[in-house]
Every structure is written in C-alpha cells, then in structure tokens.
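Here is the structure we will look at, set down as structure tokens.
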Amino acid sequence: MLLEVKNVSFGYSYKEPILKNVSFSVDKGERVGLVGPSGYGKSTLSKLLAGYLVPTEGEILFEEKPLPTTGYCPIQLIYQHPEKAVNIRWKMRQILEESWTPDDAFLQKIGIEKQWLDRWPNELSGGEMQRFCIARILGPKTKFLLADEISTMLDVITQAQIWQLVLSIVKERDMGMIVVTHSEALAQKVCTRIIDLPTLNAAGR
Amino acid sequence: MSQKKEKPPVLEVTDLSICFRMYDRGLNQKELKVISSLNIAIHAGEILAVVGSSGSGKSLLAHAVLGILPHNSSYSGSMKYCGQELTPHLQKKLRGKEIALVPQSVGYLDPMMRVGKQVIGIHGTERQQQEVFQRFNLSPETAQKYPFQLSGGMARRVLVSTAVITDAHLIIADEPTPGLNPEVAEETMRYFREIADAGNAVMLITHDIDLALSIADKIAVFYAGTTVEIAPVQDFLEGKERLRHPYTKALWDALPQNDFVPISGLQPYAGSLPSGCPFAPRCQYRTDDCSGEVEMRKMRGGEVRCKHAT
C-alpha cells in the first residue's frame, strides 16, 4: 500500500479535535476525491499527510514507513492559494528551482513561458502562478500528490488545462493522488474513488 | 418587465476603460490599458453574472464602480447608478450603504478584530448579525472568533454576511463561493436571489458557471478586459449552439460536466493585446477582418463582439 492513514486524530486545541480516529489508505494509481463541507478538516488532513502538521494520535505510513522528518517529502501538497505558497521576495526562477530544475521540454509541457522565470510573483496571474506551484512539486522525488482545491480560483479553461496536465503526469508516473474539491462534476471526471470525510470522521468517534 | 423599461438601470457602465500608469525603464512611465470599451447594465430585480478568464478585469470593474481603484489608475467612460453619474463624491457616500461589496479574498477581513464586530460594521446591529449568521450556518460562537481561527469556507461566509447585512440596493459579489460546499453555496445564491427579487440588483462575479446558471438572469462574458458576449441564462442551459462568441463556446466545452477539454493558449497580456479582437490568436474562425475594430452588436436577444458569430 502506498499511503496508509491509521487511527489519526488531530486538533488545534485539546478541547475540540477536528479529526478523530480517521483511517483509510490509497494505493498506486488511485486518485481519491476527499469531499465534505467547509470546516470539517479537509485542509488539516492534507497538511498532516504532507508532514506540515503531526497527528496527536495515530500514524501516517508511506510505503510502510513513517514520513521523513527531514529532507524531501515524497508526498507533496499543492495549495489552494498559489499567491500564499510562494516567497514574494523571490523571483519565480528561484521559487521553482528551490525544489528541482526542470528542463525546457517540461516547462513547455506545463505551459510556463521562459520569460516568466525572471518575474516577481505579483507580476503573474493566479493561473500562471499555480502552474509554477505544480511544476515545482513534480520533481522526480515526488511520489504522491495532494491537491487541495487547486483550481477553484481559476477560470474553467485554465482549470481544464491544469487538470489535463496534472492527470497526464500522475498517470505517466503511476503516482497516487488525493483531490480535495467541492465540485462534484470535477471529482467525477478526475477521481477513481471518493471519500466523504464527515462519514469517515464520524465512524471513528 | 414594463416597469424595468421606465426606470433607469441600477448600474449602467458605458464604454469604460481603465489604465494603469507604470514605470517602464528609469523614470519613463507608460500607460497600460487593462479594461477597454466595456459595457454592462443591471436593472432592479436582476442578477447579472460576470464570468470569464482570470485576469480579464472582472474585479477591476467591481472596484471601479465602488471608486476603490489603486491610485496609479485612471478611467474613462461613464458609470451611472440609478441614472446618476457616479462621481468620487457620490461613490464615497453610497459605498457600504447602498452599494455593498463582497470582496474576493478572505484577506480583506481585519485580522485584529473579532468577526462578529466586523460584520456589524458601522451601520448594522447585533441582532442582524445573529440572524445572518444563523442563515449561513455559522454558530453563534463564531462571532467571538478572529479570522485566523476560521476555515476558508467559514471566512467566506463571514465576508458575504458583511455585505448582505446592509440594505444595499446594489450588491457586487466578487467570487463569493470558492471553498464553500455546494449546500452553503446554494444557500448563498438563494439569498442573493431573494435580495434581487425584493427589487435590488446583484452583480455576481464568479468562475462557477454552474452556480451562476442556477440563479442569474443574464451572463456577461469577459475576455482580456472587455465584454465579448452578454447572453440570457437560458442560452447557456440550452447548450453550446445557442451561444454566440467562440470564447463562450470554449468555456462551455471546458466545464467538467461537459467535455472538460480546454482550448490551448493563454489570454494575452494587457500590454501586448493584438489589435482588433483580443481572442483572435486562439480562435479557429479567425480571418483578416478580425484585426480591425470589432463592435458589440445585438444578436438573438443578447450581444456579441465578434464578426463571425451567427
């Protein structure tokens, strides 16, 4: 099994845990849609899986091992707001190459124009910046993608462009993926299976 | 309907252009035109949905109406509120009372102020705030929280509350629904519909075409800083053939519930727009005519800016 979540609980305060005893697993080649109303811990779960937060109880196993605490995490998260996920005092080249150095063919495939590399983040639109955020985490060491509402703020044409691209790479490398979305139509189009977080969370209580 | 004809539209924007002054090299300045010859009108009782690509100037239009554009910008053309020219003085008087904005980013909340107090603002009451929170499924304790303690969807509902609590005659909602689950998003839309049915006007800026279709009366499609099509909602529901502009058809094709197939290419930058139709470089019907001036023209109960639309 590629990713296993075992009895994970987490809360920002001791009084009210957001996630209680959540368990599920995702295998290679699976694209799992994570759905549920806002405020039920979808983004929190994404941060736990990417290693940005540590569960208060339970464990998260990737390829049978706990997540690495140093170095490159094989599970990478694409954020909802690209403008909040980049360093505004770095130019796009530095932002992209912090992770890895893609070749020209890759940049062309993902739709990044070379002149954008010398721009500051505030000189790009949301859709353009989101391409960088996706390109940056698609390095060879990434084996699992978490997409937390990556296309809600994009127009539908850009949304379709970005998803075609992500899907082609995920399929090509046989990666696992979790897709957080509120759009049922989108989940039906891109996911192989759908998990309802409130049900999963309630089952553990 | 007859009554609508007599009264001037709540908001009428004619031939609006917006320019930004930017530094080029050294101290040389250049003008960057980001919106050009844009026209829209919203009548009382109507919801106009504004859809289109990111960076096509949808939010700028909202900010222009409210008079909160950045200082390095200038505009030409006319904006009228209930027949009155919107001057900076009038804008200042109306905004927050008669014209309300639901801002696009949850970053517009004051991070140092409890959200209940922000929703009440200057003109609201605590009772109104409690009612509107109940309506949007926000628990009463939410009022005591700071913005950082809210999830994305909760913060979004707080933003919508700040606008609907006023008795505004014109509500401009700039992307009110990203991050909301379908039930809450639909409730928000129903709320807007009620506000409109009570004789007010709503301008709904959104990427969520589905949601727009469920409540709007008319849809204005923006591309590269101008309106390319204004269509009755019915045309979108009936399908691609009823739509007029090639860009609108491309939007329709890219919807997840339709083909989910994008057209290639990107929207051109404000500084490097082609002459004539801005969509021409990506358009399959392009001819030499398209590089000339393309006017908005009436067609089948809607309007379109394209020489080849039928």
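The values are calculated or read from the model by the stated rules, or taken from the named source; none is laboratory data. Just so it is clear, the structure is predicted and the values come from calculations on it, not from any experiment. Neighbour counts run over all protein chains shown; Cβ positions are idealised from the backbone, glycine included. Areas reflect the complete protein model, heavy atoms only, side chains present, ligands, DNA and RNA absent. Shrake-Rupley method; radii C 1.70, N 1.55, O 1.52, S 1.80 Å.
The table below gives the values:
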read-out	value
B:MET299 long-range amide H proximity, modeled H, under 5 Å	B:VAL304
Chain B - Rg (one decimal) and Dmax (whole number), Cα, Å	19.9, 62
D_trans [Stokes-Einstein, Kirkwood Rh over alpha-carbon pairs] for the range B:156-268, 4 °C, 1.567 mPa s, µm² s⁻¹	85 µm²/s
Gyration tensor verdict on the range A:65-181 (Cα atoms; rounded if a/c is under 1.5, prolate if a/b is larger than b/c, oblate otherwise)	rounded
Computed magnitude of the charge dipole of the protein assembly as shown (debye, nearest 20; Cβ of K, R +1, Cβ of D, E -1)	640 debye
Chain B: angle of helix B:126-135 to the longest principal axis, Cα-based, in degrees nearest 10	60 degrees
Distance histogram in 10 Å bins (all Cα pairs of the protein assembly as shown, percent per bin)	4, 18, 28, 27, 17, 6, 1, 0
Accessible area in square angstrom per residue, chain B, 1.4 angstrom probe	47 Å²
Backbone HN-Hα couplings from phi across the range A:182-194 [Karplus 6.51/-1.76/1.60, Hz, Gly and Pro as x]	9, 8, 5, 4, 5, 4, 4, 6, 9, 9, 9, 7, 10
At least 50 Å² accessible surface lost relative to isolated chain, residues of the range A:30-58 (1.4 Å probe)	A:SER38
Drop in accessible area of at least 30 Å² in the complex versus isolated chain, residues of the range A:176-205, 1.4 Å probe	A:HIS182, A:ALA185, A:LYS189
Segments B:11-18, B:119-126 sorted - mean Cβ within 10 Å per residue, highest first	B:11-18, B:119-126
Cα gyration tensor, the range B:1-141 - rounded (a/c under 1.5), prolate or oblate	oblate
Accessible-area composition of chain A, carbon plus sulfur, in percent [1.4 Å probe]	50 percent
From phi via Karplus (6.51, -1.76, 1.60), per-residue ³J(HN,Hα) for the range B:149-155 in Hz, x at Gly/Pro	8, 9, 6, x, x, 5, 4
Complex-versus-alone comparison for the range B:25-70, residues with a loss of 10 Å² or more in accessible area, probe 1.4 Å	B:SER53, B:SER54
Pair B:GLU194, A:ASP118: separation of 7 Å Cα→Cβ label points (nm)	5.6 nm
For B:VAL228, distant residues with modelled amide H under 5 Å away	B:VAL221, B:PHE222, B:TYR223
Loss of accessible area when B meets A, both sides summed, Å² nearest 100, probe 1.4 Å	2300 Å²
